[in-house]
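A.B. asks: If you scroll down you'll find the structure; I have some questions about it.
The values are calculated or read from the model by the stated rules, or taken from the named source; none is laboratory data. Model, not experiment: these values are computed from the prediction. Counting neighbours? That spans all protein chains shown, and the Cβs are built from the backbone with ideal geometry, glycine included.
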C-alpha cells in the first residue's frame, strides 16, 4: 500500500537515533504532509533531512517545532531566523512539572534500591 498523503495535522517525531532511524524523514515524507500541517520533533536532527524540511516549510507546512539542537549547531543556525519554526536547544522538558517528576522518579529509584527491589532498570 502506497501512502499518497498524510492526513494528520501534526507529525510528531520522538524516535531515538539508530541505524534504522537515521534519515527516516526526508523529502518524500515531508511532501506527503498536507498543507497547513506541522512537524514537531524532540529527536536528534539526524533523523530528518533539514533541507527537505526547509523546502516543506516554504511549500506545504504551516510550521515546525524542534527541541533538539545545540544553539551553536548548524541545525540551530539554519532554522533560528525562520518565522515558521519554534526552536529550543533541548530545554523544553525543563518545566516545573518535568523537574518535579524527574525528582520523584529519582527518589522512588533510591527507595527501591535501598529495599533491594530496584525499579526502572536499564539493560
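A.B. asks: Would you call residue 45 touching a helix residue (DSSP H, G or I) at 6+ places or on another chain (Cβ under 6 Å) and more than 26 Å from residue 6 (Cα to Cα)?
C.D. replies: Considered against the rule, which asks whether it is touching a helix residue (DSSP H, G or I) at 6+ places or on another chain (Cβ under 6 Å) and more than 26 Å from residue 6 (Cα to Cα), residue 45 comes out as no.
A.B. asks: Considering only region 75-87, I want to know if a residue exists there that is within 23 Å of residue 20 (Cα to Cα) and either touching a helix residue (DSSP H, G or I) at 6+ places or on another chain (Cβ under 8 Å) or buried (at least 18 other Cβ atoms within 10 Å of the Cβ) (or both).
C.D. replies: Yes, because at least one residue in region 75-87 is within 23 Å of residue 20 (Cα to Cα) and either touching a helix residue (DSSP H, G or I) at 6+ places or on another chain (Cβ under 8 Å) or buried (at least 18 other Cβ atoms within 10 Å of the Cβ) (or both).
A.B. asks: Can you tell me which residues in region 27-48 are modelled with pLDDT of 95 or more, surrounded by fewer than 20 Cβ atoms within 10 Å (Cβ to Cβ) and under 15 Å from the mean Cα position of the chain (by Cα)?
C.D. replies: Those that are modelled with pLDDT of 95 or more, surrounded by fewer than 20 Cβ atoms within 10 Å (Cβ to Cβ) and under 15 Å from the mean Cα position of the chain (by Cα): 38, 40.
A.B. asks: Hey, any hits in region 102-121 for a residue that's in contact with a helix residue (DSSP H, G or I) (Cβ under 8 Å, 6 or more places away or on another chain) and either in contact (Cβ under 8 Å) with a residue 12 or more places away in the chain or under 24 Å from residue 21 (Cβ atoms) (or both)?
C.D. replies: Yes, region 102-121 contains a residue that is in contact with a helix residue (DSSP H, G or I) (Cβ under 8 Å, 6 or more places away or on another chain) and either in contact (Cβ under 8 Å) with a residue 12 or more places away in the chain or under 24 Å from residue 21 (Cβ atoms) (or both).
A.B. asks: Within region 49-72, track down each residue that is at pLDDT below 85 and more than 23 Å from residue 20 (Cβ to Cβ).
C.D. replies: 70, 71, 72
A.B. asks: While we're on this one: Which condition number in (1) farther than 18 Å from residue 24 by Cβ; (2) part of a loop (DSSP other than H, G, I, E, B) is the one that residue 99 fails?
C.D. replies: Failed condition: (2).
A.B. asks: Residues of region 49-74 being farther than 26 Å from residue 7 by Cβ and surrounded by fewer than 16 Cβ atoms within 10 Å (Cβ to Cβ), which ones?
C.D. replies: Scanning region 49-74 gives 70, 71, 72, 73, 74.
A.B. asks: Next question. Name the residue that is nearest to residue 12 (Cα to Cα), counting only residues in region 50-90 that are within 13 Å of the chain's Cα centre (by Cα) and in a loop (DSSP other than H, G, I, E, B).
C.D. replies: For region 50-90, the residue satisfying everything is 68.
A.B. asks: So residue 35 ticks every box in (1) closer than 23 Å to residue 92 by Cβ; (2) assigned to a loop (DSSP other than H, G, I, E, B) but one. Which box is left unticked?
C.D. replies: It fails just one condition, (1).
A.B. asks: Run down 14, 92, 65, 52 and say which single residue is on the phi < 0 side of the Ramachandran plot and in contact (Cβ under 8 Å) with a residue 40 or more places away in the chain.
C.D. replies: Matching residue, one of 14, 92, 65, 52: 92.
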